[in-house]
Amino acid sequence: MGKKESSLLQLILSLTIITCIAAIALSIVYLITKEPIENSQQKKKNDAIAQVLPDFKGETKEQKILIEGDKDSVAVYVAYQDNILYGAAVETYTDLAFSGRFSIMVGFDNEGNIIETQVLQANETPGLGDKIDKEKDDFPNQFIGKNPTQLAVKLKKDGGEIDAITAATISSHAFCDAVQRASNAFLIIKQNQDE
Amino acid sequence: MNKIKLLTNGLIKENPVLVLVLGTCPALAVTTSVFNALGMGLATTFVLLMSNMLISMLKNVIPDKVRIPSFILVIATFVSIVDLVIQGFIPALSASLGIFIPLIVVNCIVLGRAEAFASKNSVFDSILDGIGMGIGFTFAISIIAFFRELLGSGAIFSHKIIPFDGILVFVLAPGAFIVYGFTIAAVKWLQKS
């Protein structure tokens, strides 16, 4: 391009100006999109809660539960009807998944029976591990009605009663882990309740 | 140079994905469905257009020595803007594209066009080049996605067309390579005849 040599000051100055303009532009866009992003995340959460507690109408109370030995806490959305425990939607996760962490929402009734499960975020292999989503496969329906507070959910090969997804044992195992974690968190809430 | 030629250059003759073989990462990763491919293509087109325009405007102001960091800054800013907008207004797309939107920053097509074209040509030509390359990219990954979705799950835009379960390999990474290879071969054959 045959430009003449620029001095150090010019280099610093031009980079600084570009960086400042970029920062200003980004902050403006951030401010504009902040609310829609929060709304859509909130809506996603509410939709998931409504899906795993289909018969519950009303507000849930959020509580964070950290189970001993776990890295992160799980969010429990406790549902009360006329001041009596109706059940809870638990946002749970697992680190045993095939690719990264996945998080699911599990709904429990007041006795700890599973009402429904819903995948929130997962990167499992399309066509194999992504069958943990109930829209794609019957696998998650096996959990409905089970009570993990009394009998741990496990795959058949681990001595439990869940059929693993063909060619996706790791994802199936991880799903059981996530459900069990949710149930343990729910049990803590329930015990606090009874005291 | 002929203006229309600038626009159509990216479509077949210098198609970034199928002829220059740039930006193969998104071409393989997001082409599991046509919806994803179109979303990714449009996001990339926007970034290409805006970064090409701005870089060619700034080409006389930016000192030569710091041009690459400046280009990356400009590109990264537009990608972040696209990412935020998609998260805010099209959450479904954001959920299915996930990490691949921020990864447009390292898409070779964008930096490649900035360096090879926008930093040497006028603003208007750079805009045309950005649009052309963007459409070429969208077109190429949509074709790949079309065959992968059709063969992999028998559907287009998630609507079942062929009543069968699909051939699993086309949904997975090896299927992406296979379809990509055949598409490049088809383009080469078309160019010859």
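The values are calculated or read from the model by the stated rules, or taken from the named source; none is laboratory data. Computed from a predicted model, the values in this text were never measured in an experiment. All Cβ positions, even for glycine, are placed from backbone atoms using ideal geometry, and neighbour counts span all protein chains on display.
Quick notes
- Wholly within the stretch B:1-64, helices (runs of 4 or more DSSP H) carrying at least 1 residues that are in contact with a Phe, Trp or Tyr (Cβ under 7 Å, 6 or more places away or on another chain): B:24-29, B:34-58
- The set of residues in the stretch A:89-116 that are under 19 Å from A:I165 (Cβ atoms) and without any contact (Cβ under 8 Å) to a residue 24 or more places away in the chain comprises A:G100, A:R101.
- Criterion (touching a residue at least 60 places away in the same chain (Cβ under 8 Å), more than 19 Å from A:E124 (Cα to Cα) and not aliphatic (A, V, I, L, M)) met by exactly one of B:F157, B:F147: B:F157
- B:P102 falls short on exactly one of the conditions (1) of a type outside the set (S, T, Y); (2) surrounded by fewer than 18 Cβ atoms within 10 Å (Cβ to Cβ); (3) in contact (Cβ under 8 Å) with a residue 24 or more places away in the chain; (4) touching a helix residue (DSSP H, G or I) at 6+ places or on another chain (Cβ under 8 Å), and that condition is (3).
- Test for A:E68: is it over 30 Å from B:D83 (Cβ atoms) and surrounded by fewer than 14 Cβ atoms within 10 Å (Cβ to Cβ): yes
- Taken together, the residues in the stretch A:129-156 that are more than 16 Å from A:E116 (Cβ to Cβ) and part of a loop (DSSP other than H, G, I, E, B) amount to 5.
- Some residue of the stretch B:107-123 being within 11 Å of chain A (Cβ to nearest Cβ), crowded, with 18+ Cβ neighbours inside 10 Å and free of Cβ contacts under 8 Å to residues at least 12 places away in the same chain: no
A quick yes/no check of all residues on (1) over 15 Å from B:V30 (Cβ atoms); (2) of a type in the set (S, T, Y); (3) within 14 Å of another protein chain (Cβ to nearest Cβ):
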| position | (1), (2), (3) |
| --- | --- |
| B:I141 | no, no, no |
| B:F146 | no, no, no |
| B:L151 | yes, no, yes |
| B:G154 | yes, no, yes |
| B:G166 | yes, no, yes |
| B:G175 | no, no, yes |
| B:V179 | no, no, no |
| B:K192 | yes, no, no |
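- Any hit, the stretch A:27-48, residues being under 30 Å from B:P63 (Cβ atoms), of a type outside the set (V, I, T) and either in a helix (DSSP H, G or I) or modelled with pLDDT of 85 or more (or both): yes
- Residues (more than 8 Å from chain A (Cβ to nearest Cβ) and of a type in the set (K, R)) located in the stretch B:60-106: B:R67
- Among the residues listed as B:F35, B:F46, the single one being aromatic (F, W, Y), closer than 25 Å to B:G152 by Cα and touching a residue at least 24 places away in the same chain (Cβ under 8 Å): B:F35
- Single residue of A:F98, A:F108 found to be within 14 Å of chain B (Cβ to nearest Cβ), of a type outside the set (G, A, S) and outside any helix (DSSP H, G or I): A:F98
- Meets criteria (at pLDDT below 90 and out of contact with any Leu (no Cβ under 8 Å at 6 or more places or on another chain)) for A:V153: yes
- Of all residues in the stretch A:111-127 being within 14 Å of chain B (Cβ to nearest Cβ) and assigned to a strand (DSSP E or B), the one that is modelled with the lowest pLDDT: A:Q121
- Those residues of the stretch A:147-166 which are surrounded by fewer than 14 Cβ atoms within 10 Å (Cβ to Cβ) and hydrophobic (A, V, I, L, M, F, W, C), in sequence order: A:L151
- Yes/no for B:A92 being part of a helix (DSSP H, G or I), within 22 Å of A:L31 (Cβ to Cβ), out of contact with any Gly (no Cβ under 6 Å at 6 or more places or on another chain) and aliphatic (A, V, I, L, M): no
- Cβ pairs under 8 Å, 6+ apart, first in the stretch A:19-38 and facing another protein chain (nearest Cβ under 7 Å), second in a helix (DSSP H, G or I) and small (G, A, S): A:A22/B:A76; A:L26/B:S80; A:V29/B:S80; A:T33/B:G88; A:P36/B:G88; A:I37/B:G88
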